[in-house]
1. Fewest first, what order do 112, 136 take by the number of other Cβ atoms within 10 Å?
2. So if each residue of separation counts as 0.36 nm, and I subtract the Cα-Cα distance between residue 174 and residue 107, what length gain in nm does that give?
3. Could you calculate the FRET efficiency of residue 63 with residue 39 from 1/(1 + (r/R0)^6), where r is the beta carbon distance between them and R0 is 30 Å, rounded to 0.05?
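All of the numbers you see were taken from the coordinates with simple rules; none came from a lab. Keep in mind the model is a prediction, meaning the values are calculated, not measured. All Cβ positions, glycine included, derive from the backbone under ideal geometry; neighbour counts span all protein chains shown.
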Amino acid sequence: MSSLSYFTPAREEELLWSGNAGAASGPQPSTLGGEEARRFYQSLIEEGDGEERRGMEQRGRENRRGRRAGQHVQASRQQANTTSTTTELEGLRLLRCAQEGDLSGVRGLLSRGVDVNFQDSWWWTGVMCAAAAGQRSVVRLLLQQGAAWVGVVDTQGRDARELARMAGHSGVLEELDHYGSPQDCDRPGRQRGQHNHYRRETQDHQDHRLVTD
């Protein structure tokens with residue numbers, strides 16, 4: 001006896017389930033609620049603010065570096081100007097000490113590195129000042145320290161020997177002749193000073209004045 005198989009139609013909800021089986025097993029779409037959306041956009045805003053702050057800090061550091069560089073250049077210029085002024089004042093003090101016969105003052109200035117051949121605006125040197133004033137011991141000290149006098153003249157073409165001769169200081173003439181040949185002073189083309197200074201008209205050596213402000 002054969003058995004009968006009965007076909008049972010599927011219900012509508014079962015058909016729907018079997019047709020969407022694959023879709024049901026996949027990831028389900030999700031939507032952001034109001035609170036999640038607010039936190040999301042708030043994080044974006046905070047990230048943008050952080051980048052802006054970092055950019056401002058970077059620009060601030062660069063500006064500070066630029067200001068420091070400018071201040072360094074300005075300080076260097078001020079230091080150079082101060083050094084130049086100090087060098088000139090020290091040189092003028094050397095000339096005054098030489099003129100006044102201040103041996104200890106001359107030694108002290110030379111020990112601090114003042115140029116033994118410093119010249120003022122009239123191209124006078126320490127040897128010239130000492131020679132014109134008859135300070136033989138100062139002339140000797142300066143010459144021993146390497147001061148030049150042969151061929152070194154002032155704005156009127158006078159050297160230390162001529163200044164000493166005009167003032168009648170025979171002892172100074174002896175010191176100068178011991179350290180240099182007077183004939184060398186009369187050679188053509190003798191130099192007019194060893195430093196660059198402006199030419200200025202002067203009177204006789206007795207009217208020469210040293211200024212040390």
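1. Exposure proxy ranking, most exposed first: 112, 136.
2. Working: separation 67, 0.36 × 67 = 24.12 nm, distance 2.19 nm.
That pair, residue 174 and residue 107, stretches by 21.9 nm at full extension.
3. That gives a FRET efficiency of 0.25.
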